[in-house]
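In what follows, a structure is listed as structure tokens, so that the remarks can point back to it.
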Amino acid sequence: MGRSFEVRKASMAKTAGAKTKVYSKYSKEIYVIAKNGGADLEANLQLRSVVDRAKKDQVPSHVIDKAIDKAKGGAGEDYVPARYEGYGPGGCMVIVDCLTDNNSRTFTDVRQAFVKTKSKIGNQGSVAHMFDHQAIFAFKGDDEDAILEILLMDDVEVTDVESEDCMITVFAPHTEYFKVKTSLTQALPELEFELEEISFIPQNYTTISGDDVAMFEKFLAMLDDCDDVQNVYHNVEQE
């Protein structure tokens, strides 16, 4: 990748309100994946993956079970994915992924975050081509060559394998997510992932400073307040 992957800051909820938002976002994602692909964790690998992530982020089991049971019932909301792209404070590039049951409401909320921070929402594809859609796995270790060999022996397409501060990070095309995970867990049964996700990695970074920093924080806060927003990706580096 040409640089170490900076693990996105997890939403370590410090207040009941923040925890509720984290639980709500995971609940919605689990519900949609279970409803579309089935509620069996063994058969629906995507569901198993998001449940694993939810547990790592300390989402209670009853929240997870309730979302899966709701999907089994077949009733409930019909959420659809929505993606918005544009330029944030300081000219940074931003991708906003949502799950919504009301496109008009979601677009209005996201657009307001852009408008009120002197940013510009763009057309679909306006900045996504400047990001790489990658599967990312991080775990403790220092022998990246051994990890690369395991993956290549299983014919897994790999973008890069990095080792820094006793942590190995594997990057692969997002379509290889389950092949990477299966290959590593079969070869190394005791392996515990610090990070396992599909993300958008910027090809280039933008440094912001001065007033743009406060405006960028306001921008992210407004998006975080939008219940329909699931993930925000950007290419910001602060001085």
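Look at GLU162 and say whether it is under 22 Å from the mean Cα position of the chain (by Cα), in a strand (DSSP E or B) and within 30 Å of ALA214 (Cβ to Cβ). Against the criterion (under 22 Å from the mean Cα position of the chain (by Cα), in a strand (DSSP E or B) and within 30 Å of ALA214 (Cβ to Cβ)), GLU162 does not qualify. Here the strands (runs of 3 or more DSSP E) wholly within the range 165-239 that include at least 2 residues being of a type in the set (S, T, N, Q) are 206-208, 229-234.
Per-residue answers, yes or no, for (1) open to solvent by less than 40 Å² (accessible area, probe 1.4 Å); (2) over 19 Å from the mean Cα position of the chain (by Cα); (3) touching a residue at least 12 places away in the same chain (Cβ under 8 Å):
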residue	(1), (2), (3)
ASP143	no, yes, yes
GLU194	no, no, yes
LEU223	yes, no, yes
VAL229	yes, no, yes
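For ALA138, the conditions (1) assigned to a helix (DSSP H, G or I); (2) small (Gly, Ala, Ser); (3) closer than 27 Å to LYS25 by Cα are fulfilled apart from (1).
Does MET130 satisfy being surrounded by 18 or more Cβ atoms within 10 Å (Cβ to Cβ) and in contact with a Pro (Cβ under 7 Å, 6 or more places away or on another chain)?
no
If you go through the range 165-192 and keep only what is among the polar types (S, T, N, Q) and either over 14 Å from ASP132 (Cβ atoms) or buried (at least 19 other Cβ atoms within 10 Å of the Cβ) (or both), you end up with THR169, THR182, SER183, THR185, GLN186. If only one of ARG48, ARG53, ARG83 is at pLDDT 95 or above and not aliphatic (A, V, I, L, M), which one is it? None of the others qualify; the one that does is ARG83. The residue of the range 145-159 that is surrounded by the fewest Cβ atoms within 10 Å (Cβ to Cβ), among those that are over 20 Å from the mean Cα position of the chain (by Cα) and hydrophobic (A, V, I, L, M, F, W, C), is MET153. You will find that of ARG83, ARG105, the residue that is of a type outside the set (Phe, Trp, Tyr), in contact (Cβ under 8 Å) with a residue 40 or more places away in the chain and within 30 Å of ASN204 (Cβ to Cβ) is ARG83 and no other. Of the numbered criteria (1) closer than 27 Å to LYS55 by Cα; (2) open to solvent by 70 Å² or more (accessible area, probe 1.4 Å); (3) under 22 Å from the mean Cα position of the chain (by Cα), the one GLN203 fails is (1).
The values are calculated or read from the model by the stated rules, or taken from the named source; none is laboratory data. What you see is a predicted model, and the numbers here were worked out from it, not measured in a lab. Cβ: placed from backbone, ideal geometry, glycine included. Neighbour counts: every protein chain shown. Note: accessible area is taken over every heavy atom of the protein model, side chains too, but ligands, DNA and RNA are not part of it. Shrake-Rupley method; radii C 1.70, N 1.55, O 1.52, S 1.80 Å.
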